[in-house]
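**Q** Handing you this structure, nothing more for now.
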């Protein structure tokens, strides 16, 4: 037992709670409840930590977090393997700002999951050229662009790898989802879902869900941006990223 405590003192502590033996029974703290946010502290020994659009080193790097910063973790998921301050890990943390950082550089108080796993939307009836994380990475690579204003449907289609959606407007696309039973009106849109809205002009609006109540799309302050999913008036619901007529 003395050896165990010596080892634990030497390594950076990331356990949810120290295990102990009481009457021969090992006791461990349970992880946080699913979908409950957790907090963490970035520890890179000086270098700013890269925030990526999706859980992997190959996805768009769009922001950084300073060493020593406190961060809010909305959910965690598996991604590419990274070796950092706290060893080697495949866990990635989704931050409140919508991007991901490697858990290998974040002190969370635990070696494994400390909050709920990120909720991904199911596969659509017709596969898209790009998967969910790749689509979101493409969208993040255009963060701040105003080139797609009034082209929200085209923007989501391009994100998923389609040249055109073959719907005239987002309102038409949303109607298709409603009429074919694909529109969900309850629950927070899972990651990768299309999020649909009505608008005053009758053309509708659509963005892509980042999960945990966040979206990326056009018309966020007149440009491509990240916001809460109820940022736009007249929310209709969410659907799988399904483009039945796209090409």
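The values are calculated or read from the model by the stated rules, or taken from the named source; none is laboratory data. Computed from a prediction, not measured in an experiment: that's the story for all the values here. Reconstructed Cβ throughout: ideal geometry from the backbone, glycine too, with neighbour counts over all protein chains shown.
Condition check ((1) assigned to a loop (DSSP other than H, G, I, E, B); (2) touching a residue at least 60 places away in the same chain (Cβ under 8 Å); (3) more than 21 Å from residue 209 (Cα to Cα)) across all residues:
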{"position": "50", "(1), (2), (3)": "no, no, yes"}
{"position": "56", "(1), (2), (3)": "yes, yes, no"}
{"position": "74", "(1), (2), (3)": "no, yes, no"}
{"position": "77", "(1), (2), (3)": "no, no, no"}
{"position": "82", "(1), (2), (3)": "no, no, yes"}
{"position": "88", "(1), (2), (3)": "no, no, yes"}
{"position": "92", "(1), (2), (3)": "no, no, no"}
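**Q** Looking at region 113-125, is at least one residue surrounded by fewer than 21 Cβ atoms within 10 Å (Cβ to Cβ) and either in a helix (DSSP H, G or I) or on the phi > 0 side of the Ramachandran plot (or both)?
**A** no
**Q** From the list 235, 229, which one is buried (at least 17 other Cβ atoms within 10 Å of the Cβ) and in the same structural domain as residue 185 (by TED's automatic domain parsing)? If you could, list the steps in order and put the result at the bottom.
**A** Working: 235 fails: buried (at least 17 other Cβ atoms within 10 Å of the Cβ).
After applying the criteria, what remains is 229.
**Q** Kindly evaluate residue 101 against the criterion of being outside any loop (DSSP other than H, G, I, E, B), in contact (Cβ under 8 Å) with a residue 40 or more places away in the chain and over 30 Å from residue 163 (Cα atoms).
**A** Numbers: outside any loop (DSSP other than H, G, I, E, B): yes; in contact (Cβ under 8 Å) with a residue 40 or more places away in the chain: yes; over 30 Å from residue 163 (Cα atoms): yes.
Yes; evaluated as a whole, the condition is true for this residue.
**Q** Can I ask one more? Regarding residue 195, is this residue in contact with a helix residue (DSSP H, G or I) (Cβ under 6 Å, 6 or more places away or on another chain), touching a residue at least 12 places away in the same chain (Cβ under 8 Å), within 30 Å of residue 93 (Cβ to Cβ) and outside any loop (DSSP other than H, G, I, E, B)?
**A** no
**Q** Filter region 198-229 for residues that are over 21 Å from residue 145 (Cα atoms) and either part of a strand (DSSP E or B) or within 20 Å of the chain's Cα centre (by Cα) (or both) and give the result.
**A** Matches in region 198-229: 211, 212, 213.
**Q** While we're on this one: Just to verify a result, which residue in region 58-72, among those that are without any contact (Cβ under 8 Å) to a residue 60 or more places away in the chain and closer than 16 Å to residue 214 by Cβ, is surrounded by the most Cβ atoms within 10 Å (Cβ to Cβ)?
**A** 71
**Q** Keeping to region 197-218, report how many residues are touching a strand residue (DSSP E or B) at 6+ places or on another chain (Cβ under 9 Å) and either within 25 Å of residue 55 (Cα to Cα) or modelled with pLDDT under 95 (or both).
**A** Matching residues across region 197-218 total 13.
**Q** Filter region 143-160 down to residues that are in contact with a strand residue (DSSP E or B) (Cβ under 9 Å, 6 or more places away or on another chain) and at positive phi, then give me how many there are.
**A** 1
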